[in-house]
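Take a look at the structure set out below.
All of the numbers you see were taken from the coordinates with simple rules; none came from a lab. This is a predicted model, so every value here is computed, not measured. Backbone-built Cβ (ideal geometry, glycine too); neighbour counts: all protein chains shown.
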Protein chains: 2
Amino acid sequence: MEEIRKGRHRIGDMLPTETELMRAYGVSRHTVRMAVQDLRTRGAVASRQGQGSTVVSATGQARLAETIQSIEDLIAFGQETQRSFLSSRVVDADVALAEELDCRIGRRLVEVLMLRKASATGDRPIALVTLYLDFVLEHVVEDLSQVQKSAAEIIEGRFGIKAESVVQSIEAALLTDAQAAQLQARPGDPALIIRRDYSTSPEADPFLVARSICRADAFKVVSRFSCLS
Amino acid sequence: MEEIRKGRHRIGDMLPTETELMRAYGVSRHTVRMAVQDLRTRGAVASRQGQGSTVVSATGQARLAETIQSIEDLIAFGQETQRSFLSSRVVDADVALAEELDCRIGRRLVEVLMLRKASATGDRPIALVTLYLDFVLEHVVEDLSQVQKSAAEIIEGRFGIKAESVVQSIEAALLTDAQAAQLQARPGDPALIIRRDYSTSPEADPFLVARSICRADAFKVVSRFSCLS
DNA sequence: CTGCATTTGTGCGTATGTATT
DNA sequence: CAATACATACGCACAAATGCA
């Protein structure tokens, strides 16, 4: 790590082979491998079998990470919540929607509206959830209204498409009249808008976009970061 | 992992020792250690030297993680920001503050107020930042007003106290009159309140609490989750 | 397509250090 | 102080992936 930080090995360079590192430092292959593994978990190098290890970052800070056991943990409501299905419709992305979802104009999508409550009946809803999914995933909607699984889980089960990359953005806003009506709140009340883009890889286009509009008085997002071991 | 999932080893139980696992599976200690290390990075078990490994989760899903190279990445303003020091004072926690910071009443703390702007001069501020740090860390304040380092970095440099656990909570609120005046915004405008508790371990009390009140129109929090290798 | 060299991945065996009980 | 258990390190061998002649 020290040599990488000092510029002895630049980003993009291949690290010396494990055998060379053994000789260079006078240690066993086992020790070299432990060290390189540490560089990997620090995100400093990436290794490929039969090829070698490449330097990808020179900071070498031990990374903190927020880890989640499943995608569902992202929706950290802190308490169990019930979902109630409102409606779904097929839409062709107009200019505004294409802009928001970062897709081409005219793309055929399914839009699903749901509410999230603390318990099945009686309570004021906590969040208004809008899902956008590709038209080819349309049949997911049938399951959504019946099974208490997340859309991501249903898609993984039915289509084998697994979300390996999720981008989440959180911002604050005021409830519009329509949103307030759905949430049984007052227009102008503060709200958290959480948007998640699910994709199969960091490069791929998202196959699912979920946007939750949450009443600020009923919800906050808590994340715990700790050192990777 | 399979045995844990099947309930052979329950949450809270100790895993068999490495020597027992060697015999049970007829493999070498090295192989046992590789397997247990995998369980650790999956978050399924936690190991302590001289004691053993405890089962802490039974899902065994490969975890997704948001990794950050440094604490500073948490403040993901998306653009470079400048910090300007406003004021600092010594306070003894009253009931309200003790409640908010989860510390005992009367604890002596240093409260620091700062503004965060997109550029050094002329721009409207983006966020109003309040720091609370233990009184013994008081001298950090001198550096804060001069160096463009984060409080966490300064504390690590001067005191050797390193944040290995950070809890972040994000909620939405409306600006109060005082906050709006500082941010050159209107009272009632929406805002994101981001609070981070820095501590040396997940169990320890935080040595630093930072609360940022951010103009919703100038700021959002973006996190990227991807599979751990 | 085959064969070979290179490189990382996986596994076995052994010894010693160190923290906990 | 001893026993136990995990951490670290050495050595060796073979498997699997990659690239090249």
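Per-residue 3J(HN,Hα) values for the range A:39-50, derived from phi via the Karplus relation 6.51 cos²θ - 1.76 cosθ + 1.60 with θ = phi - 60°, read 4, 5, 5, 7, x, 8, 9, 10, 10, 9, 4, x Hz in sequence order (x marks Gly and Pro).
For A:Gln148 and B:Asp205, a Förster radius of 60 Å and the Cβ-Cβ distance give a FRET efficiency of 0.95, rounded to the nearest 0.05.
Dividing the helix sum by the residues of the protein assembly as shown, where each DSSP H run of 4 or more adds -39500 (n - 2.57), gives a mean residue ellipticity at 222 nm of -6000 deg cm²/dmol.
Of B:Val27, B:Val147, B:Val36, which has the largest mean-square fluctuation in a 10 Å C-alpha GNM of chain B? Per the Cα network of chain B with a 10 Å cutoff, B:Val27 tops the list. In this assembly of identical copies, the label point of B:Gln184 (Cα plus 7 Å along Cα-to-Cβ) is separated from its counterparts by 4.3 nm, sorted shortest first. Averaging the sequence gap over all C-alpha pairs within less than 8 Å and six or more residues apart, then dividing by the number of residues, gives the range A:69-219 a relative contact order of 20 percent. Considering only B:Glu171, B:Glu203, B:Glu20, the mean-square fluctuation computed in a Gaussian network model of chain B, springs between alpha carbons under 10 angstrom, is largest for B:Glu20.
Comment: the Cα-to-Cβ extended label point of A:Tyr25, at 7 Å, lies 2.6 nm from its counterparts in the other copies, nearest first. Using a simple spin-label model with pseudo-atoms 7 Å out from Cα toward Cβ, B:Arg23 and A:Thr19 lie 4.0 nm apart. For the segment B:209-216, counting C-beta atoms of other chains within 10 Å of every residue's C-beta and taking the mean gives 1. Straight-distance candidates among the lysines for linking to B:Lys220, with alpha-carbon spacing under 18 Å and chain neighbours fewer than 8 residues away dropped: A:Lys220, B:Lys117.
Starting from the label point of B:Ser47 at 7 Å along Cα→Cβ, the same points in the other copies fall at 1.6 nm, in ascending order. For the protein assembly as shown, the square roots a ≥ b ≥ c of the C-alpha gyration tensor eigenvalues yield an a/c of 1.5 or more together with a/b not exceeding b/c, which makes the shape oblate. Starting from the Cα of B:Arg104, step 7 Å toward the Cβ, then list every residue of the range B:122-143 with an amide N under 16 Å from that point. Answer for this model: B:134-136. Spin-label pair A:Gln51-B:Ala118: with each label point 7 Å from Cα along the Cα-Cβ axis, the two points sit 4.0 nm from one another. Subtracting the Cα-Cα distance of B:Thr31 and B:Ala96 from 0.36 nm times their residue separation leaves 18.1 nm of extension gain.
With K and R counted +1 and D and E -1, the other residues having a Cβ less than 9 Å from that of A:Asp102 yield a net charge of -4. For chain A, modelled as a GNM whose springs connect Cα atoms under 10 angstrom apart, the maximal fluctuation among A:Arg195, A:Arg40, A:Arg23 occurs at A:Arg23.
Modelled spin-label separation between B:Ser169 and A:Phe135, with each label point placed 7 Å from Cα along the Cα-to-Cβ direction: 4.5 nm. Extension gain for the segment A:Thr176 to A:Arg5, taken as residue separation times 0.36 nm less the Cα-Cα distance, is 56.5 nm to one decimal.
Placing +1 on the Cβ of every Lys and Arg and -1 on the Cβ of every Asp and Glu, with nothing else charged, gives chain B a dipole about its Cα centre of roughly 740 debye.
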